[in-house]
1. Which residues, taken from the range 64-86, are surrounded by 10 or more Cβ atoms within 10 Å (Cβ to Cβ) and at pLDDT below 75?
2. Mind checking which residues of the range 113-146 are outside any strand (DSSP E or B), within 21 Å of residue 83 (Cβ to Cβ) and out of contact with any Lys or Arg (no Cβ under 6 Å at 6 or more places or on another chain)?
3. Consider only pairs whose beta carbons are under 6 Å apart and that are at least six residues apart or on different chains; among these, list those whose first residue lies in the range 19-47 and is in a loop (DSSP other than H, G, I, E, B) and whose second residue is modelled with pLDDT under 95.
4. Please specify each residue of the range 147-172 satisfying the condition of being under 22 Å from residue 107 (Cα atoms) and at pLDDT 80 or above.
5. Suppose we filter the range 114-135 for residues that are surrounded by fewer than 15 Cβ atoms within 10 Å (Cβ to Cβ) and within 28 Å of residue 180 (Cα to Cα); how many remain?
6. Is the range 51-63 home to any residue that is modelled with pLDDT under 60 and either surrounded by 10 or more Cβ atoms within 10 Å (Cβ to Cβ) or in a loop (DSSP other than H, G, I, E, B) (or both)?
7. Would you confirm whether or not the range 136-150 contains a residue that is under 19 Å from residue 174 (Cα atoms) and surrounded by fewer than 20 Cβ atoms within 10 Å (Cβ to Cβ)?
Amino acid sequence: MAELDTSSGGGKKGGKVRTKKQATKVDLTAMVDLAFLLITFFMLTTSLSKPAAMEIAKPDKDAKDENRLELRESQTMTILLGKNDKIAWYMGQPSATNAPTIEGFGDIKSSLLKNKKEVKDKTGRDIVIIIKPTDGSTYKNFVDIMDEIAITKTNISAPAVDDDPAHILDGERDFMKSNGIW
């Protein structure tokens, strides 16, 4: 390390006599130790957020008949995700008298809560939700409907997701095509 010579002007005689100044040195070892102790303390006492994952129940590819879960029409709500951020949903089986209802994502929350209450009052059981994304839906639509289900606490167990296009019924497909959301 270089030092600065602060002595008097050298070999001049007859000048003022000056006292020799001592070079000042600051020892930073204690400050560095304190900084690392504080960093360690805050790292150990901080709680890191853990990513939250949502459970999804998907049907098995090789589902055997003895392992199939039978669902009651009275407690089943099917949600079809269409294009242009539209949703078609129905309770039970689709028919001429039970046509799907088309809504946007802003209206689905009230429908989820209403259907959950009706199923609980009529059957005493929890509602079962089946989500069927179509080719026109986006990943954002899927995340939005999963968020709405989680917010309303509609499905106590995991919602069932059936993303196999072969499982979309002809009546569902025809209804969505006729309403321009396929």
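The values are calculated or read from the model by the stated rules, or taken from the named source; none is laboratory data. Keep in mind the model is a prediction, meaning the values are calculated, not measured. Here the Cβ positions follow ideal geometry from the backbone for every residue, glycine too, while neighbour counts run over all protein chains shown.
1. 68, 71
2. If the condition is that a residue be outside any strand (DSSP E or B), within 21 Å of residue 83 (Cβ to Cβ) and out of contact with any Lys or Arg (no Cβ under 6 Å at 6 or more places or on another chain), then 134, 135, 137, 138, 139, 140, 141, 142, 143, 144, 145, 146 are the ones that fit.
3. Hits for this filter: 20/7; 21/6; 23/3.
4. Selection gives 147, 148, 149, 150, 151, 152, 153, 161, 172.
5. 2
6. Taking every residue of the range 51-63 in turn, at least one turns out to be modelled with pLDDT under 60 and either surrounded by 10 or more Cβ atoms within 10 Å (Cβ to Cβ) or in a loop (DSSP other than H, G, I, E, B) (or both).
7. Yes, the range 136-150 contains a residue that is under 19 Å from residue 174 (Cα atoms) and surrounded by fewer than 20 Cβ atoms within 10 Å (Cβ to Cβ).
Conditions tested, residue by residue: (1) surrounded by 12 or more Cβ atoms within 10 Å (Cβ to Cβ); (2) out of contact with any helix residue (DSSP H, G or I) (no Cβ under 6 Å at 6 or more places or on another chain); (3) at pLDDT below 80.
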{"site": "1", "(1), (2), (3)": "no, yes, yes"}
{"site": "9", "(1), (2), (3)": "no, yes, yes"}
{"site": "29", "(1), (2), (3)": "no, yes, no"}
{"site": "44", "(1), (2), (3)": "no, yes, no"}
{"site": "48", "(1), (2), (3)": "no, yes, yes"}
{"site": "92", "(1), (2), (3)": "yes, no, no"}
